[in-house]
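The values are calculated or read from the model by the stated rules, or taken from the named source; none is laboratory data. Values in this document were obtained by computation on a predicted structure and should not be read as measured data. Cβ placement follows ideal geometry from the backbone for every residue including glycine, while neighbour counts extend to all protein chains displayed. Surface areas here come from the heavy atoms of the whole protein model, side chains and all, with no ligands, DNA or RNA. Shrake-Rupley method; radii C 1.70, N 1.55, O 1.52, S 1.80 Å.
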Amino acid sequence: MEENQNQQMDIEISAEVADGIYSNLAIITHSPSEFIVDFVKIMPGMPKAHVKSRIILTPQHAKRLLNALRENIQRYESEHGTIDDNNHNHPFTISGPVGQA
């Protein structure tokens with residue numbers, strides 16, 4: 001078992017994936033076995049928003065992601081200052097199907 005902990009994994013990323021996808025909204029839903037995160041791009045004045053990417057996670061991996069984000073946000077804020085998240089008013093009305101698994 002100790003051998004597995006010391007193994008390294010090579011991770012490759014294609015040029016297309018490395019370009020990334022812009023998202024200014026994430027919609028999170030869940031079932032008993034999965035968390036579904038839809039990354040959406042909303043543009044002002046446009047009547048329709050588009051899901052640009054959907055990530056499906058196990059509950060355990062979703063919690064690991066939460067902890068990793070928390071840790072990285074803390075590091076970011078210690079280096080760059082507090083992120084202002086007080087603006088919870090979104091200028092768009094969002095409607096669409098409810099995610100189900």
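Taking the range 12-66 and the strands (runs of 3 or more DSSP E) fully enclosed by it, the elements with 1 or more residues that are of a type in the set (Phe, Trp, Tyr) are at 35-41.
In the set (1) modelled with pLDDT of 95 or more; (2) within 24 Å of Glu16 (Cβ to Cβ); (3) open to solvent by less than 70 Å² (accessible area, probe 1.4 Å), the condition left unmet by Ala49 is number (1). Could you check how many residues of the range 9-36 are open to solvent by less than 100 Å² (accessible area, probe 1.4 Å) and in contact (Cβ under 8 Å) with a residue 24 or more places away in the chain? Matching residues across the range 9-36 total 9. Of all residues in the range 1-55, those being within 20 Å of the chain's Cα centre (by Cα) and on the phi > 0 side of the Ramachandran plot number 1.
If you go through the range 37-46 and keep only what is more than 22 Å from Asp85 (Cα to Cα) and exposed (fewer than 10 other Cβ atoms within 10 Å of the Cβ), you end up with just Gly45. Total residues in the range 56-93 satisfying the condition of being at pLDDT below 55 and either under 18 Å from the mean Cα position of the chain (by Cα) or surrounded by 10 or more Cβ atoms within 10 Å (Cβ to Cβ) (or both): the figure is 1.
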